[in-house]
Amino acid sequence: MRGLALASCRASSSSLNNLSQVQESFNQLKSSGESASKPKADRNHVSNVEASLRGNTPYSLNPQLRRANSASITSGPISANTCSKSIDHRYFSRILSRNDCFLLLNHDRSAKRIILNPQFVISILQNQENPLHSLKFYIWVSKIDPSFAKNQSVKAVLANCLYRKGPVLLSVELLKDIRNSGYRVNEDMLCVLIGSWGRLGLVKYCDEIFGQISFLGICPSTRLYNAVIDALIKSNSLDLAYLKFQQMSADNCKPDRFTYNILIHGVCRIGVMDEALRLVKQMEGLGFPPNVFTYTILIDGFLNAKRVDEAFRVLETMKARKLSPNEATIRAFIHGVFCCVAPIKAFELAIRFIEGERVFRRLACDTLLCCLSNNNMATEAGALLGKLGKRGYLPDSSTFNITMNCLIKGFDLNETCNILDRFVEKGIKLGFSNYLVLIEALYKAGRVSEGDQYFNQMVKNGLVSNVFSYNMVIDCFCKTSMMDKAANAFKQMHYKGITPNIVTFNTLISGHCKVGEISKARELLLMLLEHGFKPDIFTFNSIIYGLCQSQQIDDALGCFNEIVEWGVSPNAVTYNILIRSLCVIGDVPQSMKLLRNMQMDGINPDVFSFNALIQSFCRMGKVENAEKLFVSMLSMGLIPDNYTYGAFIKLFCESGRSSEAKEILLSMEANGCVPDSFTCNIILDTLVKQGQFEEAQKIAKTCSESGILVKCELLGS
């Protein structure tokens, strides 16, 4: 068999420049002309830099002149229907990286190469690697058309960019560049920046910048205070947020409903619901009645504080004031009850809630089904989905697939298929991964013809179309030991012109090895080499496992010795396969040698490495050897599992040392390892045989309370 083996940043935030530096910078800027107008474009200057920015490639409408894998901006205007792929984002990145970026952007606009619209602006903002470039483009756009500065979609995209790729700080140099170009930091932009700083946890910086806004030519306003308070709360600085709230009156700013909702949300997050109710009363006293957002925040807060009754009372208050819940209210309530009470009770409360609401019922049902599925409540989810389906309910695609995944794994297979068929008839599509899970379940249940029907349905829907989907299909067949179907799928790939990759071959080799078809694994290994692939560790592990399963240990060891010749390093799985296989045939010394070699090669043994040896020594009655390995295992920080403890317990029970077996059982629980039924029943059987019925009864009761199944007949009952 030797021939077989051979054939196989966040950018670290810079510190804020102090107040005197900012003051000095703006004094210099004022002396050079406070109201400097936008500089006129220098035609010669612009023409000189255009070639370098565009890579010496002029704008062209001819698609043949464009590279297939890169987009370019055309010489025609960019309209609202222009796809983002037609915009050369690298070109704009080069412009925005220059000090004269505003001048160049103005030139492109005057040449009518850019016609601004929200889609174009959002695309540019989203596709800048440097968040400072996004900010500069937003500044320029806001000056050209102020409506973009207030566009919620544009601001949301900019805020997300500044958070994900930031922080962007207001350095003196940046402020100089902005002012010298005839632009300025306005309130809209500052609110977006403050929001990003809050999400990034830059509490001190946020507070200091707000204290210096007068030097930016911006006056304090309720809107700015709201932005700062919200940022501070998101940074978990509730005390500082309250301080800003109290300072509002000193700046002649009055809190509004937004201010109170932000503060209420902050106190609800930490569970101080009495303070939240006090703020609601204060808000009402100022003439701002709570709105749906206020009540949603309260509901979420009460449920997080596990005060379900108060959450229901908030809902009743909403009804009394003729306020309908919105989508956020629905989600907050249903998710909240599942977080604060037992799943069965949560299900009852959610049904009670849905029956009492007339709006967003589909959303409520979708949310409830997702919660049931996430809590593995397949019986309840199946019953609810079946009942709702008969009433004409159609879940959204995501909810349906989440629920079906839960039903396939934990509900009656016949009923699951019936539910699926009914919804498919109504036009709902099952996802690719769920089809595979269902097909695998049917094959394992021996219902091959039904599994084939769903497989054909999946193919008909066009879900099996590339090497990745075929790999998953082949893996599904291999898991169910249906290697003929796996081979047919492999042939179909060839007929369709889909080239297999290393994963395809490894999956097939592993499948054949697991069913003992070593000769077919060898054929695939040769094909792997013919396709120009090199065997990797997964290939070798599969082959070694197959050889060990076929009792060809010498060939497995030969293959193991040749791994290095292929430039592949064995891993813990490789060693574990051999250690366990050698232990099975009784060659424990060779297993111990492999364990030592494993450590010498710099590979850390895991719990599986030790378990095989500990179990072997226990079967041989060599307790001291097993205990030494157990100590070594603990010294390496490994946590023993049921197999580790079970080996000792079985040994002590078989030798009549029940007291020591009980000590091991207690140490299991102390170390956080819950004993399984097999381990508990071994001890119970031993105690009963020794006539220790009372002790056996105590242990059986403890096991039963922990949900561990034990043999009641052992107690004579």
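Filter segment 571-599 down to the residues that are out of contact with any helix residue (DSSP H, G or I) (no Cβ under 7 Å at 6 or more places or on another chain) and in a loop (DSSP other than H, G, I, E, B), then identify the one that is surrounded by the most Cβ atoms within 10 Å (Cβ to Cβ).
Looking at the filtered set, the residue picked out is Asp587.
Please determine whether any residue of segment 313-320 is more than 27 Å from Ile264 (Cβ to Cβ), at pLDDT 90 or above and surrounded by fewer than 18 Cβ atoms within 10 Å (Cβ to Cβ). Even if it seems obvious, please write down each step before you answer.
Residues of segment 313-320 that are more than 27 Å from Ile264 (Cβ to Cβ), as a first pass: none.
There is no residue in segment 313-320 that is more than 27 Å from Ile264 (Cβ to Cβ), at pLDDT 90 or above and surrounded by fewer than 18 Cβ atoms within 10 Å (Cβ to Cβ).
When only residues in segment 473-520 that are of a type in the set (Ser, Thr, Tyr) and outside any helix (DSSP H, G or I) count, which is farthest from Tyr545 (Cα to Cα)? Walk me through how you get there before you give the answer.
Just the residues of segment 473-520 that are of a type in the set (Ser, Thr, Tyr), to begin with: 480-481, 495, 499, 504, 507, 510, 519.
Filter once more, so that each one left must be outside any helix (DSSP H, G or I): 480-481, 499.
Numbers: Thr480: 18, Ser481: 16, Thr499: 27 Å.
Only one residue tops the list, namely Thr499.
Within the set of pairs 6 or more residues apart or between chains, which connect a residue that is within 12 Å of Cys703 (Cα to Cα) inside segment 664-692 to a residue that is of a type in the set (A, V, I, L, M, F, W, C) and exposed (fewer than 13 other Cβ atoms within 10 Å of the Cβ) with Cβ atoms less than 7 Å apart?
Qualifying pairs under 7 Å: Ser677/Leu709.
Confirm whether Arg278 is charged (D, E, K, R), in the same structural domain as Lys322 (by TED's automatic domain parsing) and either touching an Asp or Glu at 6+ places or on another chain (Cβ under 6 Å) or more than 19 Å from Gly198 (Cβ to Cβ) (or both).
Considered against the rule, which asks whether it is charged (D, E, K, R), in the same structural domain as Lys322 (by TED's automatic domain parsing) and either touching an Asp or Glu at 6+ places or on another chain (Cβ under 6 Å) or more than 19 Å from Gly198 (Cβ to Cβ) (or both), Arg278 comes out as yes.
Mind checking which residues of segment 380-399 are surrounded by 14 or more Cβ atoms within 10 Å (Cβ to Cβ) and part of a helix (DSSP H, G or I)?
Listed by number, the residues that qualify are Glu380, Ala381, Gly382, Ala383, Leu384, Leu385, Gly386, Leu388, Gly389, Thr399.
Quickly run through segment 643-673 and pick out the residues that are outside any helix (DSSP H, G or I) and surrounded by 13 or more Cβ atoms within 10 Å (Cβ to Cβ).
Ser655, Arg657, Cys673
Answer yes or no as to whether Ile509 is more than 27 Å from Asn405 (Cα to Cα), at pLDDT 95 or above and not assigned by TED's automatic domain parsing to the domain that holds Leu413.
yes
Just checking, does segment 337-346 include any residue being over 21 Å from Thr403 (Cβ atoms), outside any loop (DSSP other than H, G, I, E, B) and within 31 Å of the chain's Cα centre (by Cα)? Write out each step before concluding.
Initially, segment 337-346 is screened for residues over 21 Å from Thr403 (Cβ atoms), giving 340-341.
Adding the requirement that they be outside any loop (DSSP other than H, G, I, E, B) leaves 340.
Filter once more, so that each one left must be within 31 Å of the chain's Cα centre (by Cα): 340.
Scanning segment 337-346 turns up at least one residue that is over 21 Å from Thr403 (Cβ atoms), outside any loop (DSSP other than H, G, I, E, B) and within 31 Å of the chain's Cα centre (by Cα).
The values are calculated or read from the model by the stated rules, or taken from the named source; none is laboratory data. Quick caveat, the model's predicted, so the values are computed rather than measured. Cβ coordinates were reconstructed from backbone atoms using ideal geometry, including for glycine residues, and neighbour counts include every protein chain displayed.
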